[in-house]
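Undergrad: The structure that follows is given in the form of structure tokens.
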Ligand code: C5P
């Protein structure tokens, strides 16, 4: 019962985190910045540090705030098990690659095409869950995943007012590069998520220790990325140039995202994570309409939103009669 509570708690926190992150990012874009813009590569490194720090605190709490226990668990699990630790370099490296691919995609595609195509990750995640974890999905569940994908695609379909005529349409060549980058990112997102789920569910080790291992590699890869892309600017004005309260909020929400995704993968699964993020896309769009008034929902949006909600219920419908041990 406690695990069912944790499952829904982690899924709800993910909806809250994704919604707040989207809204804060939108809000930060409407703000007039008067200094240099913060470096995205530095934000990635800072978010990794925040994640590691929080996970260390959570492990500390798990061991009744004993410094000795914390010290010994970190030594035993991280330093003395280099092979286990190295296993986490795989999802971490793939996530780093994925974050860069999405950057390539966004530079070559318009935001709507990017977001709509990226929803294919719902299907790649299901395919990897079936092939790597042996999960069995019924006909209704496959159908609900297709409906979910179509629904999110419609929700993110650009409205006519959002099309900016002055912006040049991307060339066929860059469209190809962009779509290829998103398709590879869909595969990497599905694979890395399911690989991390496999590691978590195959061992009894605390999810927070696993996240420290993942974060350590994320930090190293991120640091290399920052020095390679923005080394010159970091030497000139430091890695915290352009940081303001909104930047810190975005970075903290991103770090929280990593922690919540880990909890969702542990207590629920990667497929349910897709439903939670899809619902939060609808929620953030509606809040943005009522609060920021920067969005005009169209009929297509409502059809998409209804499809996402129908898909969510349909997925749970067949999930109950055939209990699946890995979904507990
Ligand atoms: O698009 P997708 O759902 O694959 O994105 C997952 C994101 O969550 C990645 O940016 C990855 O860096 C992050 N993540 C994390 N910690 C985890 C799992 C994923 O920070 N344990």
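Bear in mind these aren't lab numbers, they're just calculated from the coordinates by the rules spelled out. Because the structure is a prediction, the values reported are computed rather than measured. As a convention, Cβ positions derive from the backbone with ideal geometry for all residues, glycine included, and neighbour counts pool all protein chains shown.
Undergrad: Rg and Dmax in Å for the range 49-175, alpha carbons only: what are they?
TA: 21.5, 63
Undergrad: Against the empirical 2.2 N^0.38 Å scaling, what ratio does the C-alpha Rg of the range 55-123 come to?
TA: 1.73
Undergrad: Let me ask something additional. Tell me the mean residue ellipticity at 222 nm calculated for the chain from its helices only (DSSP H runs of n ≥ 4, each -39500 (n - 2.57), averaged over every residue, nearest 500). Don't skip to the answer; put the middle values down first.
TA: On the way: 13 runs with 248 residues, N = 328.
Calculated at 222 nm, the ellipticity per residue is -26000 deg cm²/dmol.
Undergrad: Just to be sure I understand the curve: with the Debye formula and one point per C-alpha of the range 194-281, what is log10 I(q)/I(0) at q = 0.15 Å⁻¹?
TA: -0.75
Undergrad: Also: Rounded to two decimals, what ratio of Rg to Rh does the chain give with C-alpha atoms and a Kirkwood Rh? Don't skip to the end; give the middle numbers.
TA: Details: Rg = 20.4 Å, Rh = 21.1 Å.
With Rg and the Kirkwood Rh in hand, the quotient comes to 0.96.
Undergrad: Hey, any idea what the orientation-averaged projected area of the convex hull of the range 1-116's Cα atoms comes to, in nm²?
TA: Details: hull surface 44.8 nm².
Average projection, Cα convex hull of the range 1-116: 11.2 nm².
Undergrad: Now a separate question. Does anything in the range 217-259 have its amide N under 20 Å from the 7 Å Cα→Cβ label point of residue 89, and if so which residues?
TA: 217-228
Undergrad: Using alpha carbons only, what's the Rg to Rh ratio of the range 98-240 with Rh from Kirkwood?
TA: The Rg/Rh ratio comes out at 1.05.
Undergrad: Beyond 26 Å, how much of the Cα-Cα pair distribution for the range 174-328 remains, as a whole percent? Let's see the in-between values first.
TA: Working: 5858 of 11935 pairs.
Distances greater than 26 Å cover 49 percent of the Cα pairs.
Undergrad: Residue 184 to residue 65: FRET efficiency via 1/(1 + (r/R0)^6), r the Cβ-Cβ distance, R0 41 Å, to the nearest 0.05?
TA: The computed FRET efficiency comes out at 0.40.
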